[in-house]
Every structure is written in C-alpha cells, then in structure tokens.
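Scroll down for the structure; my scribbles are underneath it.
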There are 2 protein chains.
Amino acid sequence: MGTLTVGEVARESGVSGSAVRFYERQGLITAARTGGNQRRFDADAACRIRVARVAQRVGLTVNEIRDLLAALPPDPQLADWQSLHDRLTAEAERRIRDLHAALDDIGSGRRLCEL
Amino acid sequence: MGTLTVGEVARESGVSGSAVRFYERQGLITAARTGGNQRRFDADAACRIRVARVAQRVGLTVNEIRDLLAALPPDPQLADWQSLHDRLTAEAERRIRDLHAALDDIGSGRRLCEL
DNA sequence: CTAGGACTTGAACTAATGGTGAAGTCAATG
DNA sequence: CATTGACTTCACCATTAGTTCAAGTCCTAG
C-alpha cells in the first residue's frame with residue numbers, strides 16, 4: 001500500500017518529479033494508483049532510486065538498472081539489498097577490469113601505431 | 001603531402017568510410033585535397049583513429065578525443081605519441097578512481113538505504 | 001579514351017540515452 | 001467553493017555516434 005506521492009519520493013531521493021515518473025515508466029520503481037489516478041509509492045521507492053543513481057555512476061544504463069532492480073522483491077529485506085549491493089559491486093569491478101584492459105592496449109603503443 | 005584515400009584509411013584503421021569522413025568533420029584527423037576535391041590523408045591518420053577507438057573504450061566522447069588529438073602535432077614523433085599515451089592513461093586511471101569511489105558509496109549501503 | 005569503382009556533398013535518418021515541458025486535471029485547505 | 005500546488009499524459013528535446021541516400025565527380029587501369 002503505497003503512501004508516498006511523486007513529489008515526496010522526488011524529495012527523498014533527490015531527483016526531479018519528472019525523473020521519478022520516468023523511472024516508473026522504465027520499470028525501476030512501481031506505483032499503485034489512487035482513485036484519481038495518481039501514483040502512490042512504497043517506502044522503498046526512494047531507496048531504489050538512490051541505488052539507481054549509484055548504478056548510473058558505475059555506468060549502467062537505465063535498462064540495465066531495471067534488470068538489476070527486477071531481482072529485488074517487493075518489501076525487500078536486508079539480505080535482498082545486500083545481494084543487490086554485491087551484484088552492483090561485481091559489475092563495477094568488471095568495468096574497472098575493462099578499463100585496465102584498455103590501458104593495456106594503450107600500453108602496447110607500438111601495436112596501436114607503427115610509424 | 002597526403003597519399004591515402006578515405007578507403008585506404010578506412011581499411012587500415014578498421015572503421016567504415018563514413019566514419020573516416022565523420023572523424024575528419026569532427027577534427028580528429030585532417031586531410032589535404034586533390035585538384036578534384038578528394039581527401040588525401042597522411043600516414044598517421046589511421047594511427048589517430050586507432051588511438052581514438054581505444055579512447056572511446058576508455059569512455060571519452062568524440063569531442064574529448066578531438067581535444068586529446070589536438071595536442072598531437074603534424075608528423076608526430078615517438079615522444080608525441082608517448083605523451084598522448086600518458087594523457088590517455090591518466091584519463092583512464094581517473095575513471096577507474098571514479099568507479100572505486102562509486103564502489104565505496106555502494107559499500108556504505110546503510111547510507112544508501114535506511115530501511 | 002572510356003568504363004566503373006571510389007570518391008564528393010549535404011541532409012535526412014537511425015537508435016539509444018535520459019529526461020523535460022505544455023496543457024490540462026486533481027485534491028486538500030482556508 | 002475557489003485557489004494553488006501537485007499531479008496526469010504524451011509529445012518533444014538534446015546529445016552521441018555515426019549511416020544512408022541521391023546525384024553527381026574523379027581517377028586509374030586497360
């Protein structure tokens with residue numbers, strides 16, 4: 001039973017209202033509707049958005065974040081957040097490894113550029 | 001005195017002809033023109049493009065790569081490529097540090113998500 | 001000298017990304 | 001019961017990195 005409005009979630013998560021609606025359209029968060037068709041969010045919505053913003057810094061797209069958050073059940077427990085954290089961490093580490101691989105390719109400058 | 005056509009640079013660098021023209025428009029490479037207005041590239045053009053592609057993997061945009069390559073003189077020497085390499089490496093390392101910072105933020109899961 | 005493959009331009013198009021804005025509707029309060 | 005702020009949808013915007021198209025021009029090998 002959601003109780004939070006778009007504006008409240010926006011304030012709690014630090015993003016704009018239009019972003020909150022955008023994230024709902026993209027499936028990062030879900031909302032119940034009032035009789036007057038307004039969105040009402042659960043307490044974990046702002047939380048999901050905060051995680052999403054960190055995930056964006058890691059370089060995940062909104063689509064990838066949707067998939068990541070899809071693994072999170074409604075009314076998530078500590079262990080659920082923990083496992084999300086682990087998956088995000090793993091992804092960040094994978095991207096760091098990719099950058100190191102690019103660095104190695106740069107290092108082999110001769111292969112990059114025979115003059 | 002450029003001698004390479006668009007097609008030759010494309011083959012040597014592994015990108016399409018339209019991409020070669022695109023990179024010229026964006027200032028990543030420069031071309032002389034024949035009497036008949038065709039592009040003729042110097043030997044370092046394919047080289048620049050290979051560097052550009054690695055830079056893209058590092059996450060630089062075409063605009064950023066233009067700025068990076070702007071530091072490379074015409075007829076670049078080994079030391080010029082070396083310094084380019086160093087700047088690109090520094091940029092990659094900066095991005096790796098950003099990812100580590102994001103990882104740290106994830107680590108502070110409690111701050112991310114008070115439930 | 002001529003055939004045809006490679007080249008020229010500029011504009012339109014693609015496709016993804018991450019939202020924002022306008023016009024109109026709802027709801028809580030004084 | 002009217003105001004006002006929050007809400008609604010959907011179309012649109014801007015950026016990024018090219019690709020594609022058409023109509024025409026160049027250049028090189030035979």
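Given the residues A:Arg97, A:Arg33, which is the only one that is within 15 Å of DNA strand C (Cβ to nearest atom), on the phi < 0 side of the Ramachandran plot and not hydrophobic (A, V, I, L, M, F, W, C)?
Values: A:Arg97 fails: within 15 Å of DNA strand C (Cβ to nearest atom).
Every option except A:Arg33 fails the conditions.
What's the number of the only condition in (1) modelled with pLDDT of 95 or more; (2) within 14 Å of another protein chain (Cβ to nearest Cβ) that B:Cys47 fails to meet?
Of (1) modelled with pLDDT of 95 or more; (2) within 14 Å of another protein chain (Cβ to nearest Cβ), only one is false for B:Cys47: (1).
Of everything in region B:31-44 that's touching a residue at least 12 places away in the same chain (Cβ under 8 Å), more than 8 Å from DNA strand D (Cβ to nearest atom) and away from chain A (no Cβ under 14 Å), which residue is surrounded by the fewest Cβ atoms within 10 Å (Cβ to Cβ)?
Of everything passing the filter in region B:31-44, B:Ala32 is surrounded by the fewest Cβ atoms within 10 Å (Cβ to Cβ).
Anything in region B:6-16 that is under 15 Å from B:Arg48 (Cα atoms) and surrounded by fewer than 18 Cβ atoms within 10 Å (Cβ to Cβ)? List them, or say none. Working first, answer last.
Here is the first cut: in region B:6-16, the ones under 15 Å from B:Arg48 (Cα atoms) are B:6, B:8-16.
Scanning region B:6-16 gives B:Glu8, B:Arg11, B:Glu12, B:Gly14, B:Ser16.
Please indicate, with yes or no, whether at least one residue in region B:90-102 is modelled with pLDDT of 90 or more, among the small types (Gly, Ala, Ser) and buried (at least 17 other Cβ atoms within 10 Å of the Cβ).
yes
Looking at this structure, is B:Arg66 within 12 Å of DNA strand D (Cβ to nearest atom), on the phi < 0 side of the Ramachandran plot, more than 10 Å from every other protein chain (Cβ to nearest Cβ) and surrounded by 14 or more Cβ atoms within 10 Å (Cβ to Cβ)?
Considered against the rule, which asks whether it is within 12 Å of DNA strand D (Cβ to nearest atom), on the phi < 0 side of the Ramachandran plot, more than 10 Å from every other protein chain (Cβ to nearest Cβ) and surrounded by 14 or more Cβ atoms within 10 Å (Cβ to Cβ), B:Arg66 comes out as yes.
Can you work out which of the residues in region A:76-89 that are more than 7 Å from chain B (Cβ to nearest Cβ) and crowded, with 18+ Cβ neighbours inside 10 Å is farthest from B:Val54 (Cα to Cα)?
The residue in question is A:Pro76.
The values are calculated or read from the model by the stated rules, or taken from the named source; none is laboratory data. This one's a predicted model, so the numbers in the text were calculated from it and none came from an experiment. No Cβ is skipped: glycine too gets one built from the backbone with ideal geometry, and neighbour counts run over all protein chains shown.
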